[in-house]
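Encoded as structure tokens, the structure appears first; notes follow it.
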Amino acid sequence: MLQRPKKLQVAALCHRGERNKREYLLVTSRGTKRWIIPKGWPIRGLASNEAALQEAWEEAGVKSGQAKGRPSGTYTYQKRQNSGWSFPVETLVYSVSVEELAEDYPEADQRTRTWVSAEKAADMVDEPQLQQIFRDQTG
């Protein structure tokens, strides 16, 4: 059976606070309203970590933050199309230390955001590999 190659997205694992009190920022997806981390397609002219930071701004209002230069992990999920078809997407996850959040940001009226512990985040997201990324933060 032929398989379509995976597409690539970048994501921001946004966090604040010190190690034992660190919190992670989740947002709702626009369609299904499930909990996710900010993510999107690579942006021409930006490095992958810069594109992840841009997604953090657009989807979660991260006004100021520092994105690590290398991914801290990856996860794969099935991206659903309006047609009902889906395709695999590999997502590079970049750690983003959040310094400031804005109340008004591009997708503020389309998403809800919340700060939670790594353990709670692992329970809230659907993707098993993303759950593991959160569980790895607690050790």
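Side notes on the structure shown:
- Residue tally, condition in a loop (DSSP other than H, G, I, E, B) and within 14 Å of Val27 (Cα to Cα), over region 40-66: 1
- Filter result (assigned to a strand (DSSP E or B) and either touching a residue at least 12 places away in the same chain (Cβ under 8 Å) or of a type outside the set (S, T, N, Q) (or both)) within region 67-83: Ala67, Gly73, Thr74, Tyr75, Thr76, Tyr77, Lys79, Arg80
- The single residue among Thr114, Thr91 that is farther than 20 Å from Arg70 by Cα, in contact with a strand residue (DSSP E or B) (Cβ under 6 Å, 6 or more places away or on another chain) and of a type in the set (Val, Ile, Thr) turns out to be Thr114.
- On inspection, Asp126 passes the criterion of being closer than 15 Å to Thr28 by Cβ and exposed (fewer than 15 other Cβ atoms within 10 Å of the Cβ).
- A count restricted to region 29-39 and to residues that are surrounded by 14 or more Cβ atoms within 10 Å (Cβ to Cβ) and either outside any strand (DSSP E or B) or at pLDDT below 95 (or both) stands at 3.
- Of all residues in region 92-113, those that are within 25 Å of Lys6 (Cβ to Cβ) and in contact (Cβ under 8 Å) with a residue 24 or more places away in the chain have Cβ atoms under 7 Å from Cβ atoms of residues that are aromatic (Phe, Trp, Tyr) and not in a loop (DSSP other than H, G, I, E, B), 6 or more apart or on another chain, in Val93/Tyr75.
- Once region 56-96 is narrowed to residues that are buried (at least 19 other Cβ atoms within 10 Å of the Cβ) and among the polar types (S, T, N, Q), the residue that is nearest to Ile43 (Cα to Cα) is Thr91.
The values are calculated or read from the model by the stated rules, or taken from the named source; none is laboratory data. Values in this document were obtained by computation on a predicted structure and should not be read as measured data. Note that each Cβ is placed from the backbone with ideal geometry, even for glycine, and that neighbours are counted across all protein chains shown.
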